[in-house]
């Protein structure tokens, strides 16, 4: 089930939760084993072996949640999540699991003991989820807590903590796989997106005017334009060094604009006002370099 963009509001008919910054995943618990799939049905369990602990849950459960690397203060660490996603070989997966252990933050229960719950209201699904986790609490699993009613106050609190945003879910909403509706809304404290740096618009031999970036919107990686503001002097110097070290003959994907291209693997966070009709970011500002 997917969410639309919204604005903060108060409502006794809505549950408000943190919008976790990680990897969305469905967990299928079978007899003494579990499967972990991404939104696009990629098998994730080999990348997150610590989540084999989910097999301790009763057979026939299907959970919806987010794979999150938690910082000591409880906030999500996107760099850590990115490091886990990039690990592929068994040795790198094992090292990443020790350095950045993940927590499966669960926010919905879709099946229980092989019984489908999708047509139940969210309030009932959440009540069953809480009972389930009280009786069985595997390692690396956490319930996504929420509040009802005080959306504006909740949003102010997460903005003060520099959390990415919040989810607003109608308590009477049924679970509709693949659908995007007003039943679930996501409210971002700051419109920002994690981007792949495809290349750059050069400025002389060693400098750049802007970075050419791409991002994943609705499962489709596409160019979202260029970002040329927001760099401190120190960050510009760091980027100059990295860009020249990672030059490639061709881009990861065709952005439709000229530039010099980079090997895949360099990421950044970009702030923006909104997406334009052609999919580009309006008024983009460079926020941070992501270095796993």
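Any read-out appearing in this document is the output of simple, stated calculations on the displayed coordinates, not a laboratory observation. What you see is a predicted model; the values in this text were computed from it and never measured. Cβ: placed from backbone, ideal geometry, glycine included. Neighbour counts: every protein chain shown.
Each label point was placed 7 Å from the Cα along the Cα-to-Cβ direction; for residue 140 and residue 42 their separation is 1.7 nm. The share of Cα pairs per 5 Å bin across segment 41-146, counted from zero up to the longest distance, runs 2, 12, 22, 22, 18, 13, 9, 3, 0 percent.
Each residue in 63, 242 was given a count of other beta-carbon atoms within 10 angstrom of its own, and listing them fewest first yields 242, 63. Round to the nearest 10 and give me the degree value, 0 to 90, for the angle of helix 90-99's Cα axis relative to the longest principal axis of the chain. Roughly 80 degrees between the two axes. Each of 267, 28, 16 has some number of other Cβ atoms within 10 Å of its Cβ, and from fewest to most they run 28, 267, 16. With the convex hull drawn around the C-alpha atoms of segment 192-290, the volume per residue stands at 93 Å³. GNM on the chain, alpha-carbon springs under 10 angstrom: the most fluctuating residue among 142, 221, 15 is 221.
Which of 234, 94, 121 moves the most in a Gaussian network model of the chain with Cα springs under 10 Å? Result: 234 has the largest fluctuation of those listed.
Multiplying the residue separation of residue 250 and residue 174 by 0.36 nm and subtracting their alpha-carbon distance yields 22.8 nm.
Sorted ascending by nearby beta carbons within 10 Å, beginning with the fewest, 172, 108 become 172, 108.
Modelled this way, with points 7 Å down the Cα-to-C-beta line, the labels at residue 9 and residue 98 are 5.1 nm from one another. State the Cα centre-to-centre distance between segment 201-246 and segment 25-74 in whole Å. Between the Cα centres of segment 201-246 and segment 25-74 lies a distance of 34 Å. One decimal place: the segment residue 111-residue 181 gains 23.1 nm when fully extended, by the rule 0.36 nm per residue minus the C-alpha distance.
Treating each Cα of the chain as one equal point scatterer and applying the Debye formula with no solvent, the log10 of I(q)/I(0) at q = 0.09, 0.12, 0.16 Å⁻¹ comes out as -0.49, -0.85, -1.35.
Here residue 233 and residue 152 are evaluated by their C-beta separation; at R0 = 41 Å the FRET efficiency comes out at 0.60.
So what's the angle, to the nearest 10 degrees on a 0 to 90 scale, between helix 151-160 and the longest Cα principal axis of the chain? That helix lies at roughly 40 degrees to the long axis. For the chain, a Gaussian network of Cα nodes joined below 10 Å ranks 67, 117, 244 by mean-square fluctuation, and the top entry is 244.
Axis angle, to the nearest 10 degrees, between helix 233-245 and the longest C-alpha principal axis of the chain: 80 degrees.
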